[in-house]
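What follows is one structure encoded as structure tokens, with my remarks underneath.
What follows is calculated from the coordinates using simple rules that are stated; it is not laboratory data. None of the values given here were measured: they were computed from a predicted structure. Here Cβ is always computed from backbone atoms with ideal geometry, including for glycine, and neighbour counts include all displayed protein chains.
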Amino acid sequence: MTTKNKIFLDDVVVPKLLKAEECREYLVSIIAAVLKIDKEYIMDNLRLIDTKINENIHNKDQEVDVIFENDAMMVNIEINTRNTKQSRIKNQVYIAHLIIRQTFPGEVYHIKPVIQINVDGFDLYNKNEFIYRSVMMEEKYHLKRMDSYIEIYDINLDFLSKIDYNHIKELSEKDLKWLLYIFVCQDERCITNLYSENGMMKKVEKKMEDFMKEFDRLLYYNHAKFREAELEEIREEKREKIRKEAREEGLNEGRKEGLKEGIEQGIEQGIEQGIEQGSRQTRIEMAKKMLAKGKVLEEIQEFTQLSLKEIEELKE
């Protein structure tokens, strides 16, 4: 996905942006656009609630990205940069907990619908759609269950990144594509032209600028255990592919072990190189942005850890 800056799609940074008081109208506008309701309906009574979804000993560390509620619904916004089994399971577990936390033993159930909005950096169903809506339905007749309290919306930012700016600028300011384009547009002039007359979006852009000043701290923050689980899933998929190929080709045990060892080493090296290259590319993009704002080379070098020669080449 071609994003304006991948740091803004991190599952730490975006929640901070959406929970910021100065970006409240922006958050409400996104929810209203997704659900196709008037934002005034939720503007005054939407409240942020505790993101720790369960105190159970087995789930006490589980925490959603951003969750709000009012008297009619609970809205959970999840940022998904990788399409992995771990990520998909995590999101389903969150929904289950948000239903359970509304039930109390011995009381009549009064459950509010749980709306989960997934902001994805990929096309979940590979159907080239901008947004997908999922509900519990009867399989044959495609009838929604009357007792279902779950709705899931998957927003495909990869789709949005491929839309021409000239199309976006013709859209209404209430359109979800218009609202989210700030995350995928790399041209600062387009951003300025698109949002300069909108006070709400100027606040969002200012907040994004503030996060840039905290670049180093934010870049290296991550949910280590979850990230490792995702990487292990990728490794295991690679291993299984090799095992399958080995079985099909009828390799002997000695060749199989040698191949397995070599492939696993290659996987580890590839992951490490990918992480290193991704971090470097992010620093390069940050240097370009700072150059565009007229920052001195020494300041850019200290901030990005690039060499002066590299920065001078970028400037040229």
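The fewest-to-most ranking of T84, T103 by surrounding Cβ atoms within 10 Å reads T103, T84. The protection proxy used here, the mean number of other Cβ atoms lying within 10 Å of each residue, ranks peptides 86-93, 131-138, 25-32, 174-181 as follows, highest first: 25-32, 174-181, 86-93, 131-138.
My understanding is that a pair violates if its Cα-Cα distance is over 26 Å; which of K140/K238; K39/K169; K169/K289; K85/K238; K202/K309; K39/K202 do that in this structure?
Flagged as over cut-off: K140/K238; K202/K309.
In plain terms, the chain from K241 to L171 could stretch by 20.7 nm, reckoned as 0.36 nm per residue minus the Cα-Cα distance.
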